[in-house]
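*Asks:* Below is one structure. I have some questions about it.
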Amino acid sequence: MNKKWILPICIAIGCILFSFLIFKDNIFPPKPKKYNLQKLHPEVQSAMEQWMRNVEKKGITIKIVEGFRSIEEQNELYAQGRTKPGQKVTNAKGGQSYHNYGLAIDFAILDKEQLSWDIKKDGNENGVADWDEVVREAKKLGFSWGGDWKGFKDYPHLQMTFDQSIGELQEVWE
Ligand SMILES: [Zn+2]
């Protein structure tokens, strides 16, 4: 090929790529953004991230072990210890847990790379159990804690209800 064509061809390719970048939204329209029910509510997500940073400063590392849970997953969990083998882990059927609406998380403390649910341990040795410290920090950010429930206590569980009962949430999503 004649050398004098190299520059014009490069310019032409550049123009095509450039116009593709500009018009790509017209060629492939982006999918409309919807609130994704498969995820945590955005405010819960950001409070969770803030909370993790706050406790990290106290020398405690949090690991989130559960967030959004689908109705089917919740029903599976409910069956455990009832119609399926295992221990009962929840009293909520599908649709009855704040997890089903992206408003709840379950956590563990990371202790030497291992997940720990030891609510008494004072890993950062400041005289207060780490679990109490992280729960206190979570409440400051608006979470309520499963350990405060009467009856069945769910120590790894935090939720943000925005003053909505499960019944109200079920109505909205049905
Ligand atoms: Zn939970």
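The values are calculated or read from the model by the stated rules, or taken from the named source; none is laboratory data. Small disclaimer: the values here were computed from a predicted structure and weren't measured. Backbone-built Cβ (ideal geometry, glycine too); neighbour counts: all protein chains shown.
*Asks:* How many residues are in a helix (DSSP H, G or I) and in contact with a His (Cβ under 8 Å, 6 or more places away or on another chain) if we restrict to the range 118-146?
*Replies:* Residues meeting the conditions: 1.
*Asks:* I'd like the full set of residues that are within 19 Å of Gln170 (Cα to Cα) and basic (Lys, Arg), limited to the range 35-81.
*Replies:* Lys39, Arg69, listed by residue number.
*Asks:* Would you say Glu137 is at pLDDT 95 or above and under 20 Å from His41 (Cα atoms)?
*Replies:* The answer is yes for Glu137.
*Asks:* Continuing with this model, one more query. What's the total number of residues in the range 138-161 that are away from the ligand (no atom under 13 Å from the Cβ) and within 14 Å of the chain's Cα centre (by Cα)?
*Replies:* 0
*Asks:* Which count do you get for residues in the range 80-99 that are of a type in the set (Val, Ile, Thr) and more than 15 Å from the ligand (Cβ to nearest atom)?
*Replies:* Number satisfying all stated conditions: 1.
*Asks:* Hey, among Ile109, Ile105, which residue is in contact with a strand residue (DSSP E or B) (Cβ under 6 Å, 6 or more places away or on another chain), outside any loop (DSSP other than H, G, I, E, B), more than 15 Å from the ligand (Cβ to nearest atom) and modelled with pLDDT of 95 or more?
*Replies:* Ile109
*Asks:* Return the residues of the range 64-86 that are in contact with a Ser or Thr (Cβ under 9 Å, 6 or more places away or on another chain) and among the basic types (Lys, Arg); say none if nothing qualifies.
*Replies:* Within the range 64-86, just Arg69 meets the criteria.
*Asks:* Here is a further query. Looking at Lys112 and the list (1) surrounded by 16 or more Cβ atoms within 10 Å (Cβ to Cβ); (2) closer than 18 Å to Val65 by Cα, which single condition is not satisfied?
*Replies:* So the condition that Lys112 fails would be (1).
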